[in-house]
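Note sheet for the following structure.
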Amino acid sequence: MDSLKKLLRNYLILYPYEDSAKKTLKFLEQGNCFSNTNFNGHFTASAWIVNQHKNKVLMTHHKKLDMWLQLGGHTDGDNNLLNAALREAKEESGIENFKVISDQIFDLDIHNIPKIDSQPPHRHYDVRFLFEANSENEKVIVSEESNDVAWIELSKTCEKNRESSIKRMVKKTLNKFKKDKSK
């Protein structure tokens with residue numbers, strides 16, 4: 001938990017205008033926050049996966065939520081959220097080879113999950129990490145949790161999902177790799 005607390009504090013320094021880090025730090029103090037049976041809320045871990053050219057992102061069309069999202073899911077009690085995000089990315093895409101672009105948090109989002117089956121409505125405190133995979137050499141599978149998994153042009157990502165968190169990650173991606181190219 002101390003390593004997550006440090007990652008959240010680092011994120012807060014980079015993005016002081018995003019209040020999600022403060023809320024997530026406060027949530028972390030409550031305990032039992034990694035269990036998906038905690039319906040006050042729980043952590044999830046996601047992978048924002050860009051291709052080697054940095055012009056596409058790998059997304060899944062989630063069956064239960066019926067929307068295009070980044071890959072990710074429940075931590076299954078794992079408080080190492082980078083490992084949880086990597087595990088979810090592998091399970092949901094079939095890709096085995098990912099490059100971790102940074103071990104720092106790429107994005108944070110707190111969102112409400114509606115009642116699904118027997119689970120009551122609850123909150124996800126989603127911690128997102130940035131990965132890279134080869135869109136040309138890695139075969140993608142569609143897991144049973146998804147209707148589809150596909151590489152989406154970064155410029156068309158917001159056509160698939162117009163939520164503010166997706167727009168924010170697209171913007172962060174463009175800013176990050178624009179900076180990297182200028183070095």
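Worth a mention:
- Any strands (runs of 3 or more DSSP E) falling wholly within the range 41-150 and containing at least 2 residues that are open to solvent by 20 Å² or more (accessible area, probe 1.4 Å) and touching a strand residue (DSSP E or B) at 6+ places or on another chain (Cβ under 9 Å): 56-62, 67-74, 107-113, 122-133
- Qualifying residue in the range 162-179 (condition: surrounded by fewer than 17 Cβ atoms within 10 Å (Cβ to Cβ) and aromatic (Phe, Trp, Tyr)): yes
- For residue 60, the conditions (1) in contact (Cβ under 8 Å) with a residue 60 or more places away in the chain; (2) out of contact with any Phe, Trp or Tyr (no Cβ under 8 Å at 6 or more places or on another chain) all hold with the exception of (2).
The values are calculated or read from the model by the stated rules, or taken from the named source; none is laboratory data. Bear in mind the structure is a predicted one, so any value in this text is a computation, not a measurement. Positions of Cβ are backbone-derived with ideal geometry, glycine not excepted, and every protein chain shown enters the neighbour counts. Side chains included, ligands, DNA and RNA excluded: accessible areas come from the protein's heavy atoms. Shrake-Rupley method; radii C 1.70, N 1.55, O 1.52, S 1.80 Å.
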